[in-house]
Amino acid sequence: MMSAGASARAARPPAGGAEGIERLEIGIPGFDVIAGGGLPAGRSTLIAGTAGSGKTLFGVQFLVAGIELYGQGGVLVSFDEPAREIARNVRSLGWDLGAYERAGRLAMVDVALVAGEEMLEAGQFDFGGLLARLERQIERVGATRVVFDSLTGIFPQFTDRNVVRRELHRVTSRLRELGVTTLMTAERAEEYGPVARYGVEEFVTDNVVILRNPLNHERRRRTLEILKFRGAAHHKGEYPFSIDERGGITVIPLAETGLKMRALTDRTSIGKPDVDQMCGGGIFRDSIVLVSGATGTGKTMMATEFLAAGLRAGERGLLYSFEESRPQILRNAASWGVDFGDAEREGMLRIDSRYPERTGLEDLLVEMRHQINDFRPVRLAIDSLSVLDRVSSGASFREFVIGLTSLIKEFELVAMCTNTTGVGGGTQSPGLTQVSTITDTIILLRYVEIASSVRRCLTILKMRGSAHDKTIREYTIGGHGMELGGPIAATSGILAGTPGARSQVRR
Amino acid sequence: MPRPRVRGAGKGELRLYVTGSTLLSLRAIENLEWSLQQELGELYDYEVIDVLEHPELAAEDGIFATPALVRRQPLPVRKLIGDLSDRELVLRSLRFGGSPREGQTR
């Protein structure tokens, strides 16, 4: 259920992280990485967000992860809606709060107002009753994690918010004495405005985390930001996260993951012996190859042959296709002598074909993680990456690519991504410029006009960690796929799509 | 702390939830007893419950701010939060047929 714990354990402390505050690894994938190892243990943290930003889910997942991954009991204090409502809402994620409750691992303290009940203030009060109930449950289930959902529901019940603030502060102090790590959710009215609705919630807790769900290029893009960790270091800025029905929240830590991964040095075939030779003997395992070219230059064919080479070697392949339908993919592969249908039936290949608009990139990344984790492919092909750039905002595409890179490194995949350029070549979207910097190998496919005819040529622009053939080679596409010819000599400007000199092709 | 239970037929039912012997708890008990002596004693049976000893009863009545006086019968259930030092409000709220709301907010 809780995948991606591996990346959480790979957490590097952020700069200046030697403050000596003990951390509680909370087990929400990706969160602990950006939190510098976890939440400050025994402290309280406000989880603030607009309606629908995932606050309650964050809280519940915090408790579920505690029980499932660390054997830590939890207490859920519900103010806004009855605890059984919360339990029902998270059922679809496969979380059975009732079962944890029966097993004595989880307690629910229900303080939601009952409809039709009247409440009046007739003098001074404190939250002693709540504390007494809470302490009893903490003791009963051996809780080290407590969630209040939400503070927002408490304030309107009382006339003086300063009293509420003082009393909540007393509650968090007591929980701190008990060594319990507490989350309190709170609603905010705007994505970029005051931390929370009543203006005092943030003073009740030690730490503040903000969940956002703004509309960006007509798409919701969820992000998480650690606004404040009192006395403890953490990574700054907004990190995208996704909510999916299998694992709940996954925070995408971007550049913070992946860097520790070891680089594999053994080579494997790209699918074409000639091109392998140009790469200096094949491409590296756990590397990313970008095949860039105009439509019709054979990018999909290269991806097909790349997967086929894996299948021949008994390696599982996973293909994400955003441009062609499944029948088209199967038909094209068959015309190049590759039987993808058989490979799928034998469980060696999975083809995921979808419209790029269908899934937000954050969600796509999480789905890919699940798919890769389940299927354990050796080779991954994405055809094409550029279409994803087209349907998303620049920031989210950049983050997707970084997330994809760390996924590839984490699972030690060898990946091929295609990139569609204009026919003339040359210009690239800014998003894809980013991609170039993280890919290990870049293969350029170009149309060139030579002596009044259009030819195709291939060159290897970059091969990280290895020498490679730097010539520009002509190729043809025939019945057996790509046929590599000799180098094109005595010309220049091919990369720009405008050869400048009379050329000769040596055969 | 536990107070004797007084039972009678056809009477309303009050529960006062307190937390140990804090100043607020003691004041709430004192104020409740005053109200009962004034006029409510004939209308209600009551019991005082220490949440520290009986958190399960407090859970039943959804108690979190204390002291809390809960009128369980007659319906509607009515909760008075605090040490009951607003004696007027207590009387007004708990008279049968009476309305507590005169410029009060929740």
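The values are calculated or read from the model by the stated rules, or taken from the named source; none is laboratory data. For clarity, every value in this text was computed on a predicted model and none was experimentally measured. Positions of Cβ are backbone-derived with ideal geometry, glycine not excepted, and every protein chain shown enters the neighbour counts. Please note that ligands, DNA and RNA were not included when accessible areas were found on the heavy atoms of the full protein model with its side chains. Shrake-Rupley method; radii C 1.70, N 1.55, O 1.52, S 1.80 Å.
A few notes on this one:
- Heavy-atom accessible area ranking, 1.4 Å probe, most first, across A:H468, A:H169: A:H169, A:H468
- About its Cα centre, the protein assembly as shown has a charge dipole of approximately 1620 debye under the convention of +1 per Lys or Arg Cβ and -1 per Asp or Glu Cβ, with nothing else charged.
- Accessible surface buried at the A:B interface totals approximately 2600 Å², computed with a 1.4 Å probe on protein heavy atoms.
- Along the axis of the charge dipole computed for chain A (Cβ charges of +1 for Lys and Arg, -1 for Asp and Glu, origin at the Cα centre), the listed residues A:V164, A:L290, A:V366 are led at the positive end by A:L290.
- Rounded to the nearest 5, the antiparallel percentage of DSSP beta bridges internal to the protein assembly as shown is 45%.
- When peptides A:138-144, A:155-161 are sorted by average Cβ neighbour count within 10 Å, with the highest value leading, the order is A:138-144, A:155-161.
- Percent antiparallel among DSSP beta bridges (both partners in region A:33-246, rounded to 5): 30
- Threshold 50 Å² - residues in region B:71-91 whose accessible area is reduced by that much or more when the chain is no longer isolated, probe 1.4 Å: B:K79, B:I81
- Full extension of the segment from A:D244 to A:A51, taken as 0.36 nm per residue of separation minus the current Cα-Cα distance, would add 67.7 nm.
- A:R88/A:K462 FRET efficiency (R0 35 Å; Cβ-Cβ; nearest 0.05): 0.10
- A:V109 long-range amide H proximity, modeled H, under 5 Å: A:L76, A:V77, A:S78
- Charge context of A:D274, other residues only, Cβ under 12 angstrom, K/R +1, D/E -1: -3
- Cut-off under 5 Å, modelled amide H: who pairs with A:T295 long-range: A:T421
- Chain A: angle of helix A:299-312 to the longest principal axis, Cα-based, in degrees nearest 10: 80
- Global geometry of region A:8-153, whether rounded, prolate or oblate, following the gyration tensor of its Cα atoms and the 1.5 cut on a/c: prolate
- Percent RCO, i.e. relative contact order, over chain A, from Cα pairs under 8 Å lying at least 6 residues apart: 14
- Alpha-carbon centroids, region A:350-415 and region A:166-223: separation in whole Å: 31
- A simple rule links phi to the HN-Hα coupling: the Karplus curve 6.51 cos²θ - 1.76 cosθ + 1.60 with θ = phi - 60°, which for region B:49-59 gives 10, 8, 4, 4, 8, 10, x, 5, 5, 5, 5 Hz, with x for Gly and Pro.
- Whether the protein assembly as shown is rounded, prolate or oblate, judged on the alpha carbon gyration tensor where a/c under 1.5 counts as rounded: prolate
- Euclidean distance of C-alpha centroids, region A:302-347 and region B:28-59, integer Å: 76
- Cα-Cα over 22 Å, subset of A:K228/A:K409; B:K11/B:K79; A:K55/B:K79; A:K236/A:K409; A:K299/A:K462; A:K272/A:K299: A:K228/A:K409; A:K55/B:K79; A:K236/A:K409
- Multiplying the residue separation of A:N162 and A:A115 by 0.36 nm and subtracting their alpha-carbon distance yields 14.4 nm.
- Per-residue ³J(HN,Hα) for region A:327-340, Karplus 6.51 cos²θ - 1.76 cosθ + 1.60, θ = phi - 60°, Hz, x for Gly and Pro: x, 4, 4, 5, 5, 4, 4, 4, 5, 9, x, 10, 9, 6
- Region A:33-246 - accessible surface per residue (Å², probe 1.4 Å): 37
- Where only C-alpha atoms are counted, convex hull volume of region A:33-246 per residue in Å³: 133
- Prolate/oblate/rounded label for region A:320-416 (Cα gyration tensor, a/c 1.5): oblate
- Full-extension gain in nm, A:T265 to A:R354, via 0.36 nm per residue minus C-alpha separation: 28.7 nm
- Placing unit charges on each Cβ (+1 for Lys and Arg, -1 for Asp and Glu) gives chain A a dipole about its Cα centre, and among A:I442, A:S453, A:P356 the Cα reaching farthest toward its positive end belongs to A:S453.
- Accessible area (Å², 1.4 Å probe, nearest 10) - B:W34: 80
- Summarising the label geometry, the points placed 7 Å from Cα in the beta-carbon direction at B:L91 and A:T471 lie 10.8 nm from one another.
- Overall, the ratio between the Cα radius of gyration of region A:267-505 and 2.2 N^0.38 Å, rounded to two decimals, is 0.97.
- By the equivalent-ellipsoid construction on the alpha carbon gyration tensor, region A:273-320 comes out with semi-axes of 18, 15, 10 Å, ordered largest to smallest.
- Relative to the longest principal axis of the Cα atoms of chain A, the long axis of helix A:161-177 makes an angle of roughly 80 degrees.
- For chain A, carbon and sulfur atoms together expose 49% of the accessible surface, with a 1.4 angstrom probe and every protein chain in place.
- A probe of 1.4 angstrom, applied to the heavy atoms of all protein chains, finds A:T476 with accessible area near 70 square angstrom.
- Per residue, in Å², the accessible surface of region A:267-505 once ligands and nucleic acids are set aside, probe 1.4 Å: 39
- Net charge, A:R102 excluded, C-beta distance under 14 Å - Lys, Arg +1, Asp, Glu -1: +1
- For A:L183, the residues whose amide H sits under 5 Å from its own are A:T45, A:V146, A:V147, A:F148, ignoring neighbours fewer than 5 places away on the same chain, with H placed 1.01 Å from N.
- Listed values for region A:75-86 are Karplus-derived 3J(HN,Hα) couplings in whole Hz (6.51 cos²θ - 1.76 cosθ + 1.60, θ = phi - 60°), namely 10, 10, 9, 10, 10, 7, 9, x, 3, 5, 5, 4, and x replaces Gly and Pro.
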